[in-house]
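Contents: one structure, followed by commentary.
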């Protein structure tokens, strides 16, 4: 939280605080785990090693019990019913836990600043703050691993043809040619049916690529382009033909 960009603190706090509380009380860590696994895998590995070390030390000090889930479950099954006879053990658990929490904080702070990891709240200004679940993580990995359509055109062509430039950007932000099932247009909008909405870029990225706005209806997407939508559509269709030939 201390390393967030100033212009994203409010938005990121609204996501991270509920996620952190849910993780602490209920033990549901998936959104945080997969977000860090995608943004900074090294931090996820370090966290795993720290957790394993902490659990090993606790066990060596005699801290045993059902501590799989969140603090509510731990309290109900361990701390409350067993406190009278095992309070010393639980104090040891709390002490070790606090030490490792402080250690994790300083290690993460150092790593994030040192290597400038794009953790939540530190993304580019044109990217939305978002926590990932498992499905979204897998979709983003597949999208990042796939070849982008920008390789189909020379740099000079993209710079001299604004329609091709926007078409290339929109095609990438829609998840690539393989993610598009139907593509057409009306007076001012691209009408698109995508296979997986999770592979799409953020609304902010579309706007940075000169879209007016994006309308979402499940897998049906409308990209508001403007009166030159026909030219952008034509360029996108040509790019898709090139992608299909290469496949």
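The values are calculated or read from the model by the stated rules, or taken from the named source; none is laboratory data. Source: prediction; values computed, not measured. Neighbour counts run over all protein chains shown; Cβ positions are idealised from the backbone, glycine included.
Those strands (runs of 3 or more DSSP E) of the range 165-247 that lie entirely within it include none in which at least 2 residues are under 24 Å from residue 38 (Cα atoms) and assigned by TED's automatic domain parsing to the domain that holds residue 34. Scan the range 214-229 for residues that are surrounded by fewer than 17 Cβ atoms within 10 Å (Cβ to Cβ) and modelled with pLDDT of 90 or more and the total you get is 7.
In the range 183-202, of all residues being over 13 Å from residue 224 (Cβ atoms) and over 26 Å from the mean Cα position of the chain (by Cα), the one that is surrounded by the fewest Cβ atoms within 10 Å (Cβ to Cβ) corresponds to 184.
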